[in-house]
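Q: A single structure is presented below for examination.
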Amino acid sequence: MSHVLSSTFLRRVFLADAVLSLPSGAAMALGSGLLSHWFGLPAWLLVPGGVALVAYAVLLFWMAERPSVPRAALWGFIGFNLLWAIDCVAIAAGVWFAPTPLGLAFLAMHVLAGLVFAELQFMGLRRDNAARTGQRQLA
């Protein structure tokens, strides 16, 4: 029970999350100067956030190819997405930065994506638990 089987559903969730995270992270890391101006967010915030998203996406692509995923890793993905969403809300609502309307839209998209992917990954975990429970009841 320390691993979750990588169902087609969970693999697709990993791939979708990676496909959205990679270009967003790359743009943040490589285009921080331009994005900083458009979004009203400092480059020193965008660059490490972008690097984190790129690393996260690479890990998701790799995990999508595995026949099973460590349960702790799946909880880590869920936590990362929730923390990412919370951080984006804090940046948008806090007094430390002055995001432009485009910056607020960018942050809102990240909040939405983080919450949606956390829920989808949690659904994959619940499906695995349900399948295991069903197998035990049949045995």
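Q: Search the range 62-91 for residues that are closer than 21 Å to G49 by Cα and pair each with any residue that is in a loop (DSSP other than H, G, I, E, B) and of a type in the set (F, W, Y) when their beta-carbon atoms are under 9 Å apart and the residues are at least 6 apart or on different chains.
A: Correct list of pairs: A90/W96; I91/F97.
Q: Same structure, new question: Restricting to the range 59-77, count the residues that are surrounded by fewer than 19 Cβ atoms within 10 Å (Cβ to Cβ), more than 17 Å from P23 (Cβ to Cβ) and hydrophobic (A, V, I, L, M, F, W, C).
A: Qualifying residue count for the region: 4.
Yes/no per residue for (1) on the phi > 0 side of the Ramachandran plot; (2) without any contact (Cβ under 8 Å) to a residue 40 or more places away in the chain; (3) surrounded by 15 or more Cβ atoms within 10 Å (Cβ to Cβ); (4) out of contact with any Lys or Arg (no Cβ under 6 Å at 6 or more places or on another chain):
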site: R11; (1), (2), (3), (4): no, no, yes, yes
site: L15; (1), (2), (3), (4): no, no, yes, yes
site: A27; (1), (2), (3), (4): no, yes, yes, yes
site: G33; (1), (2), (3), (4): no, yes, no, yes
site: P42; (1), (2), (3), (4): no, no, no, yes
site: A57; (1), (2), (3), (4): no, no, yes, yes
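Q: Being among the aromatic types (F, W, Y), surrounded by fewer than 16 Cβ atoms within 10 Å (Cβ to Cβ) and in contact (Cβ under 8 Å) with a residue 60 or more places away in the chain is the requirement here; does W38 meet it?
A: Yes.
Q: Given the criteria under 25 Å from L5 (Cα atoms) and either at pLDDT below 95 or not in a helix (DSSP H, G or I) (or both), does V69 qualify?
A: Yes; evaluated as a whole, the condition is true for this residue.
Q: Does the range 7-19 include one or more residues that are outside any helix (DSSP H, G or I) and in contact with an Asp or Glu (Cβ under 9 Å, 6 or more places away or on another chain)?
A: Yes, the range 7-19 has at least one match.
Q: If I filter the range 82-135 down to residues being under 19 Å from P23 (Cβ atoms) and of a type in the set (G, A, S), which single residue comes out as surrounded by the most Cβ atoms within 10 Å (Cβ to Cβ)?
A: So, considering only residues that are under 19 Å from P23 (Cβ atoms) and of a type in the set (G, A, S), the one surrounded by the most Cβ atoms within 10 Å (Cβ to Cβ) is G114.
Q: Quick check: is even one residue across the range 117-132 assigned to a loop (DSSP other than H, G, I, E, B) and either modelled with pLDDT under 95 or out of contact with any Lys or Arg (no Cβ under 9 Å at 6 or more places or on another chain) (or both)?
A: No; the residues of the range 117-132 include none that is assigned to a loop (DSSP other than H, G, I, E, B) and either modelled with pLDDT under 95 or out of contact with any Lys or Arg (no Cβ under 9 Å at 6 or more places or on another chain) (or both).
Q: A further question follows. Just to be sure before I move on: is G49 more than 19 Å from E119 (Cβ to Cβ) and surrounded by 16 or more Cβ atoms within 10 Å (Cβ to Cβ) in the structure I sent?
A: Spelling it out, G49 is indeed more than 19 Å from E119 (Cβ to Cβ) and surrounded by 16 or more Cβ atoms within 10 Å (Cβ to Cβ).
Q: Would the range 49-56 turn up any residue that is part of a helix (DSSP H, G or I), under 22 Å from N129 (Cβ atoms) and under 14 Å from the mean Cα position of the chain (by Cα)?
A: There is no residue in the range 49-56 that is part of a helix (DSSP H, G or I), under 22 Å from N129 (Cβ atoms) and under 14 Å from the mean Cα position of the chain (by Cα).
The values are calculated or read from the model by the stated rules, or taken from the named source; none is laboratory data. Computed from a predicted model, the values in this text were never measured in an experiment. Reconstructed Cβ throughout: ideal geometry from the backbone, glycine too, with neighbour counts over all protein chains shown.
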